[in-house]
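Asks: Right, I'll just put the structure down here and ask away after.
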Amino acid sequence: MDAFLPLIPFLPLIGFAINGLFGARLSKTAVGIIGSGVLLVSFLLSVACFNQVAASGAIQHTMYNFFTIDSMRVDFGFLVDQLSVWMMLIVTGVGFLIHVYSIGYMHDDEGFWKFFAYLNLFIFSMLLLVMGDNLLMLFFGWEGVGLCSYLLIGFWYTNKEYGKAARKAFIMNRIGDLGLLLGIFLIFKTFGSLNFTDIFSRLPEMRLDPAAVTLICLLLFVGAMGKSAQLPLYTWLPDAMAGPTPVSALIHAATMVTAGVYLVARCNPLYSLSPDALHVVAFVGMVTSIFAAIIGLRQNDIKKVLAYSTVSQLGLMFIGLGMGAYASAMFHVTTHAFFKALLFLAAGSIIHGMGGEQDIRNMGGLRKAMPVTFWVFLIGTFAISGFPLLSGFFSKDEILALTYAHGGVWWWGFAGFGALLTVIYMSRLLYVTFFGEFRGTEEQKHHLHESPAVMTVPLVILAILSVLGGLLNTPHFMHLGTPQWLASWFGPVIPAADMHLPESTEWSLMTFTTSLALVIIAGLYFVYTRRGNLPVADEAQTGLTRVVANKFYVDEIYDFLFVKPVEIGSRLLHYADTLFVDGIVTGVAKGVERLGAQFRKLQNGNIEYYLIGMVAGAVLLLLSLFV
């Protein structure tokens, strides 16, 4: 298997090269087959790697020495262990379904070939990130997914607002990347290596300064905050909805935004040595989860609701990480990849059927016209809401139970509050979109239709995964499937979190949160269907409602504090450069030019002037002899 291991990331790179160089001359069918086919093969090879890791342990494969400087040796190599191979399955498996879906969704777009080239390049970068055996390889992939995010968010670059959204994502990610880079430098200074195996194997024998370990963890977390859209670096992700919907599903739900969670989970031996860093991770995750969920309550763009939901769910994952429940956080990464990719793609199906409409206030009654989309969206909504026995029910409850065990009732209460807010905004989204009477225009009603099979089949597969995904890590006391299988799988790489709770307490916590969720789902059904309490496009918003609908004016605050001062400063520097620096350079050039023009008059071709000059020179020479 080692010989075929490099094919997993490089096949998508080959697909990028073929579609990027020749896609404009190929048929759309050929472009779709190439873009999706290379990913299918990568997925099958990832399954083979999974089987080998299960049978014989981690795979270490070095292709060549990247560079060596003094004691610093960095290889271009891969580390495929229980954690990385699991991420490989998610990236290639969910990524393949999204590629297939994109064949139908982007079929009429003139940049079809370019879109698939960018998607393949993104998958290559993401695989490089999770498969690299050292921090520099991870950083290459980290920057690669940032570049691809910029290209895909701004894919429809003729729209200036979309271009601004792409630049915003790129710049805010660079802020986080600076922290990651400084953390990598400090790790090399401390350990003398960037290789994961070397770093983690030296930890038991080294006497590390706790402050240095905390600083390393916090710097790495700054990178995770940028990539995984945590406060205060979260505002790029909602704006990233400017890209085509498959981009939202792939990059901003299933893969790229979970890179920060993967980074913290990968570096869990370091974080476990720093309780202070873990507290910061949990606190930032808690605030982000609640803050984003509150904003999601009053959003009317279907993709913006899901975007803030993603930010909130990522916050929940970081709560799990901060409690030391690394395996639970990765469990939620897995289930979230299923149901959030499903929700985004189902939203794309709605937008496709509505002729581009994204405002849920102009929808309603779509369950009759789009039955497949309705049922899969219903499953996705119930899964993310924690409906009993669906995937989100198990993964969210596990994080909440561990939060209660390790953080106490207050931490559990705040985390549970964020989870219940999820139930509210997702139920609102479901009922307003699919129930009641259609509120769009007659043209939209005429255009309304179910999506083709190339789009609905991936939706059905993701819906099945959203239903069954929770069985990967069911609690011991429920006796469903293989209890805690996923936690056991991660065991060689990630330590299992100790629950410290009796079964009766776990049952009580689960029953309480689940009952509240079911009551909210049922109550909002009556609110939004039987009482006709539906939002309308021209509804007046006042007070706190207006503040929440305008996202607490965080973007405006950032513009005032950071963007506008930088713009003003850049204009001042531009004027200084134009008037002062350019003035000096231009002035010297013009002075030399004018001086040369005066000297040029001496060379006028008149012999009398030359004779006068010769005589004057001779006289001066004679006079110099007597001075």
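The values are calculated or read from the model by the stated rules, or taken from the named source; none is laboratory data. Worth saying up front: this structure is predicted, and the values here are computed from it rather than measured. Heads up, the Cβs are rebuilt from the backbone with ideal geometry, glycines too, and the neighbour counts pull from every protein chain shown. Only protein heavy atoms, including side chains, enter the accessible area calculation; ligands, DNA and RNA are left aside. Shrake-Rupley method; radii C 1.70, N 1.55, O 1.52, S 1.80 Å.
Asks: Out of the residues in region 35-53 meeting the condition of being free of Cβ contacts under 8 Å to residues at least 60 places away in the same chain and among the small types (Gly, Ala, Ser), tell me which one is least open to solvent (accessible area, probe 1.4 Å).
Replies: SER46
Asks: In addition: Considering each of GLY569, GLY613 in turn, give the residue that is assigned to a helix (DSSP H, G or I), of a type outside the set (D, E, K, R) and either within 60 Å of the chain's Cα centre (by Cα) or under 30 Å from TYR234 (Cβ atoms) (or both).
Replies: GLY569
Asks: Do you know which residues across region 62-84 are farther than 26 Å from LEU343 by Cβ and crowded, with 18+ Cβ neighbours inside 10 Å?
Replies: Matches in region 62-84: VAL74, ASP75, PHE76, GLY77, PHE78, LEU79, VAL80, ASP81, GLN82, SER84.
Asks: Could you count how many residues in region 129-145 are under 21 Å from ALA249 (Cβ atoms) and surrounded by 24 or more Cβ atoms within 10 Å (Cβ to Cβ)?
Replies: So the answer is 4.
Asks: Starting from region 315-326, take each residue that is within 14 Å of LEU273 (Cβ to Cβ) and list its partners that are open to solvent by 10 Å² or more (accessible area, probe 1.4 Å) and in a helix (DSSP H, G or I), counting only C-beta distances under 7 angstrom and pairs at least six apart or across chains.
Replies: GLY324/LEU278; GLY324/HIS406
Asks: PHE339 is checked against (1) out of contact with any Phe, Trp or Tyr (no Cβ under 8 Å at 6 or more places or on another chain); (2) in a loop (DSSP other than H, G, I, E, B) and fails just one. What number does that condition carry?
Replies: That leaves (2) as the condition not met.
Asks: A further question on this structure: Of the residues that make up region 346-367, is at least one in a helix (DSSP H, G or I), open to solvent by 10 Å² or more (accessible area, probe 1.4 Å) and over 23 Å from GLY243 (Cα atoms)?
Replies: yes
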